[in-house]
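Just so you know, all these numbers are worked out from the coordinates, no wet-lab data involved. Computed from a prediction, not measured in an experiment: that's the story for all the values here. All Cβ positions, even for glycine, are placed from backbone atoms using ideal geometry, and neighbour counts span all protein chains on display.
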Amino acid sequence: MEKTLNRIHPVSDPEAVYFLQVSWEKDLSSGFGIILTDGEHAWTGAVSEADISREAADMEMNREKYVEELKQALLQGEESAGKYNFTVSVDEENTQCHFSYERNLRDGSNYRKILAFWTIDNPHILIFLQEDEQCLDSVRSDEENDSVVFRLGSLKLQKVSRPADVVKELIGYCLDCLGGLQVKNEHLQKENERLFCDLSDVEKRLEKCVEAKEELEADLYNRFVLVLNEKKTKIRSLQRLLNEAKESAVDTKCTRDSITTTQMAKVKENDYDGSTEEESENLIQSSLPSVLLKD
């Protein structure tokens, strides 16, 4: 069986303190039991699964949504303070306690249709609100708190003959919860210490990785500088060889041109000499007949 224990303050007497214990077997939708005490008196009651279905049907509200509202109202405790109200009304003999739980609508919920009517035995206005074509709940106007609330449910609690036993049970429940929380806290502390150790190891490994990375980067940079310098030296050497080859090619061309020019000049000279000799021979031959004729 699962249980929760919360401290509540009734809207009728905000200074009063009550302790509300809710217990259930499987799920809150299958029914639950309630124990309410102010430390001196105690009352108990139960809500069955059929009661939950009937309340949801009377409100024309989806059952699952109604159960979620019950969980928020009865199990969240002070986390839902201001959103849900509790009303405690005890008779003069403390034999019965009327306990109701309501949803506070001061959060500005928007609804489409509002119908109101007066009840004879209750001076407050009961309102039925409709949202998205689905009627949600019966609502009353709380003039003292200047708010509008709708009732989730109510039940009559019967007086416990021995309230001291209830108080002992609640104290035992609190001690059990405290013990469980201490065990959980110790486990979490050990887990936290383990995680801190793992974190320290990871940080040390990370530092080593960073150092190794920096050393590798420095080594690679030095090697890159050496390779770059070698490449520059090789490029300069190739440029020098290229320039020398260009100069050699220019010299070779100049020499070749000079030789060609010289050869051409010699050929011209030879041609000139040959033509001169032929002209001399022709002159000699032309002069010979005249001499012979004279003889």
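Observations on the model:
- Modelled label positions at GLU217 and ASP176, each set 7 Å beyond Cα in the direction of Cβ, lie 6.0 nm from each other.
- Once the Cα gyration tensor of the range 201-272 is diagonalised, semi-axes √(5λ) in Å: 68, 6, 4
- Under the combined filter of DSSP loop state and at most 13 neighbouring Cβ atoms within 10 Å, the range 11-105 retains these trypsin sites (Lys or Arg not before Pro): LYS26.
- Modelled this way, with points 7 Å down the Cα-to-C-beta line, the labels at GLU40 and SER154 are 2.4 nm from one another.
- Counting 0.36 nm for each residue step from LYS266 to LEU199 and taking away their Cα separation leaves a gain of 14.3 nm.
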